[in-house]
1. Can you give the FRET efficiency for A:Thr224 and A:Glu145, using 1/(1 + (r/R0)^6), R0 = 51 Å, r = Cβ-Cβ distance, to the nearest 0.05?
2. Could you quote the convex hull projected area for the protein assembly as shown, Cα atoms only and averaged over all directions, in nm²?
3. Taking the alpha carbon gyration tensor of the range B:293-385, what are the square roots of 5 times its eigenvalues, largest first, to the nearest whole Å?
4. Cα centroid distance between the range B:204-248 and the range A:319-376, in Å?
5. What helices in chain B pass both tests, a Cα length along the helix axis of 15 Å or more and a mean Kyte hydropathy of -1.0 or higher, using whole DSSP H runs?
6. Given a cut-off of under 8 Å on Cα pairs at least six residues apart, what relative contact order in percent is computed for chain B?
7. Give me the distance in nm between label points sitting 7 Å out from Cα along the Cα-to-Cβ direction at B:Val179 and B:Arg257, one decimal.
8. Name the lysines eligible as straight-distance cross-link partners of A:Lys246: C-alpha to C-alpha under 27 Å, and not fewer than 8 places from it in the same chain.
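Every number here is computed from the coordinates shown, using simple stated rules; none is lab data. Here the structure is a predicted model, which is why all the values come from computation and not from measurement. Cβ coordinates were reconstructed from backbone atoms using ideal geometry, including for glycine residues, and neighbour counts include every protein chain displayed.
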Amino acid sequence: MEIKIPAVGESVFEALVAKWLKNDGELVRKDEPLCEIETDKVTLELNAEAAGVLSISVQEGETVKIGTVIGAIDERGTAEAAPPPGAQPPAEVEAGQAQPPPLSPAVRKMALERGLHPETIRGSGRGGRVTVDDLLNREAEARAETPEKKLEKEPMGEPAVQQPSLFAAATRPVPPQEEGRTTRKPMTPIRKRIAERLLAARQQTAMLTTFNEADMSAVIALRTRYKEHFQKRHGIGLGLMSFFVKASVEALKEFPPVNARIDGDDIVYQNFYDIGIAVSGEKGLVVPVLRGADRLHLAEIEKGISAFVEKVKGNRLAIADLEGGTFTITNGGVFGSLLSTPILNPPQSGVLGMHAIQDRPVALGGEVVVRPMMYLALSYDHRIIDGREAVGFLKKIKECIEAPEEMLLEG
Amino acid sequence: MPEETFDLIVIGAGPGGYVAAIRAAQLGLKVAVAERSERLGGVCLNEGCIPSKALLDSSELFALARDRFALHGIGIDPPKLDLARMMARKDDVVKKLTDGVAFLFKKNGITRFQGSARLGGKSGDDHRVEVRVGNGEPQILTAKRVLLATGSRAVEVPACPFDGETVVSARDALSFSSVPEHLLVVGGGYIGLELGSVWLRLGSKVTVVEMLPKILPNTDRQVADALMRSLKKQGMSFLLETEVTSLEKRDGKAHVRIKSGDKGEEIVCDRVLFAVGRRPLSADLGLEAAGIAPDGAGRIPVNDDFATAAPGIYAIGDLVHGPMLAHKAMTEGEVFAERLLGQASVVDYEFVPGIIYTWPEAASVGKSEEQLQAENIPYAAGRFNFLANGRARCMDETEGFVKVLAHKETGRVLGVHIIGPRASDMIAEAVTVMTYGGSAQDIAMTFHAHPTLSEAMKEAALDVEKRAIHA
């Protein structure tokens with residue numbers, strides 16, 4: 001069976017074979033990840049569609065066209081392809097990896113008790129076996145990465161589980177069979193990627209969030225007044241999002257660092273306004289990018305967003321749709337969120353969070369009045385955006401939303 | 001009498017029960033053990049493994065002195081058997097070991113109750129256990145957890161009930177007061193062959209009757225065949241595909257009618273040992289009232305924690321699934337206690353070794369060749385005969401071989417079968433390697449001291465790839 005680079009998106013024509021996870025001639029099981037391929041934005045894992053012996057024809061680091069055969073799986077079993085037992089001792093290393101790796105009883109127990117996955121650890125024992133030391137080292141590494149946990153390494157002989165001196169088990173009954181209480185599923189490649197990216201955003205930026213709120217009366221009044229007219233003329237409803245896209249562009253123009261990104265030791269200011277719009281899809285959140293938002297009318301913005309939503313529903317989103325935004329808007333309000341801190345989408349430096357509109361008493365001209373209010377949040381990379389700029393940016397958005405006529409007249 | 005409350009009550013002080021009790025006490029529980037017999041250790045220590053091995057070792061020495069010393073250049077008068085003394089030594093071995101268990105109980109603060117125990121319902125959250133001596137008032141113990149470890153007993157053939165004299169179980173065959181002239185052993189399993197060996201060496205004529213066409217049906221065929229050849233050479237006779245149809249006791253002799261196909265025959269012998277299997281002792285434990293239903297074979301269904309259908313009640317050893325072996329019950333006892341306290345211990349049922357203490361001994365772990373063939377697992381077999389092993393030559397114990405069965409592609413060890421001198425000790429290496437998921441190459445690349453019997457294991461592992469040095 002041939003292994004081909006799959007079509008990953010409408011506008012992706014080539015992909016990089018980033019990493020082979022299996023070796024040439026290795027026995028692989030069905031659905032095991034074989035290799036990672038990368039387009040300029042997305043990394044995908046290719047899984048084995050059948051069990052057999054892998055032969056690799058395109059090496060790591062090569063960029064090839066979509067549809068290229070990069071290897072094959074010989075399903076005729078394994079006998080002739082796999083080395084005879086002991087041909088190269090220890091033969092187990094070769095073929096053994098197709099099965100769960102052999103473990104000593106103490107390693108199996110400790111791994112279970114500490115929730116470690118020996119198959120992800122490079123063993124230092126004979127034939128690549130994972131030893132107790134390897135487990136302890138992995139744990140020490142994990143602790144070093146999260147310094148809030150204590151760092152001391154437990155001695156070998158310590159019991160793996162805290163042993164209660166009294167009948168703890170009676171008050172905390174051992175669940176008879178865990179079956180049904182938990183379900184374990186491997187993460188899909190997309191979910192894994194999301195997890196990696198979100199974690200990277202947290203770890204690799206100096207992310208901070210500032211808040212403000214906007215009185216939505218003016219925008220709502222505009223929408224009510226021009227709703228039918230707009231629909232008739234443009235064939236699309238007038239939503240809230242277009243106002244925020246417009247407002248964001250205004251604010252980005254006034255505060256260029258928010259539209260910039262860090263590249264090595266440089267700050268790259270981007271004089272175009274490609275705004276990512278977070279859309280919730282079945283497999284997770286995706287952020288298609290509205291190109292040149294500064295040159296779009298409200299109707300064009302609404303049409304663009306609506307097209308994205310359709311594409312997400314139909315699973316037709318191309319990777320090109322997702323690439324290269326300069327700023328992102330996410331609307332937690334559609335799910336009813338009142339206040340949240342959005343997370344950056346690196347290398348972007350800013351993300352605007354919209355929220356639910358709520359009638360709230362506010363003081364206006366010395367009087368308490370009820371107004372439709374929305375909290376706004378801006379998460380930003382503090383490395384290149386100062387607090388003053390972030391607060392100013394969000395205030396600019398507030399002003400644009402509270403007095404949209406000015407923004408629209410100017411635009 | 002006031003009720004006594006514990007964290008754990010163990011019913012039965014055999015190898016499963018006493019080990020579970022000690023391990024639970026080590027982990028901090030307040031443990032009680034109820035045992036019917038005044039001696040701890042169960043069948044294994046009192047009337048099974050230990051006394052039978054004591055007699056096997058004694059009778060082996062006797063046979064060596066009689067038959068083999070001359071070959072080594074040791075001239076002696078024909079040795080005389082003092083059976084009473086041999087039995088006394090056996091009893092002394094048993095006593096020392098059972099006293100040892102009692103000492104361990106004391107050391108670990110385990111409370112011991114003598115009497116027959118059964119479940120007696122619940123009081124509040126706690127299970128009640130009634131311990132009764134004779135027909136007296138039962139003593140009531142309570143605990144949140146109860147472990148059933150009552151073991152098993154020899155199956156009795158209804159037509160031929162045990163009488164302790166002429167028709168006997170394995171227990172009685174360990175304490176004959178005289179050497180039977182002719183011992184008939186019904187059942188070609190390991191218990192029958194071991195006890196048959198004891199009396200054969202001490203001078204009995206021994207005939208083994210087996211219903212199936214072969215002895216030791218679950219043992220690797222090459223091993224079972226080699227063992228049968230060896231036992232025949234020693235003078236044991238075998239009647240295969242033969243069953244006992246009736247038994248009559250006359251003039252202190254047993255007249256046993258046997259049938260093989262259409263042919264009938266009568267055998268006259270002094271004693272008949274029935275060793276046709278063992279059955280779990282699950283009948284008198286009050287299981288039904290607790291909501292526990294043993295299967296048709298009397299075994300109690302349990303999950304990985306050894307929990308039965310009744311919350312708080314657990315079972316291990318011969319009462320549950322798996323081979324009825326002391327070391328299996330002991331491991332279950334440890335694992336039970338550790339899991340109760342939240343550890344992730346498991347029993348590696350695939351790697352339970354099985355041993356037959358005849359001479360030569362037979363020992364095995366993992367799958368037999370027949371099993372691998374039936375399961376269509378590709379394998380390669382390596383074999384090495386003790387004939388070519390230096391130490392075996394020195395010992396003049398050259399019978400038998402080591403056989404290593406490894407996966408054809410990965411070399412992973414799937415089964416090891418040994419027949420030969422000290423096979424019981426040699427199998428330990430194979431169990432360790434297999435538990436570590438090791439391969440034949442792992443064995444081959446590991447040092448084996450010279451000259452030792454263990455070199456045969458290394459050579460057999462090399463022979464998996466047909467590169468044994470001394471073959």
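1. Efficiency at R0 = 51 Å is approximately 0.45.
2. The number I arrive at for the protein assembly as shown is 53.1 nm².
3. Equivalent ellipsoid semi-axes, largest first: 30, 15, 15 Å.
4. With the range B:204-248 and the range A:319-376 each reduced to a Cα centre, they are spaced 86 Å.
5. B:15-26, B:49-67, B:83-107, B:190-201, B:221-234, B:326-340, B:423-435
6. Working: 1009 pairs, mean separation 64.8, N = 471.
It rounds to 14 percent for chain B.
7. Between B:Val179 and B:Arg257, the label points sit 3.4 nm apart.
8. Hits, sequence-local ones excluded: A:Lys41, A:Lys227, A:Lys232, A:Lys303, A:Lys311, A:Lys313, A:Lys395, A:Lys396, A:Lys398.
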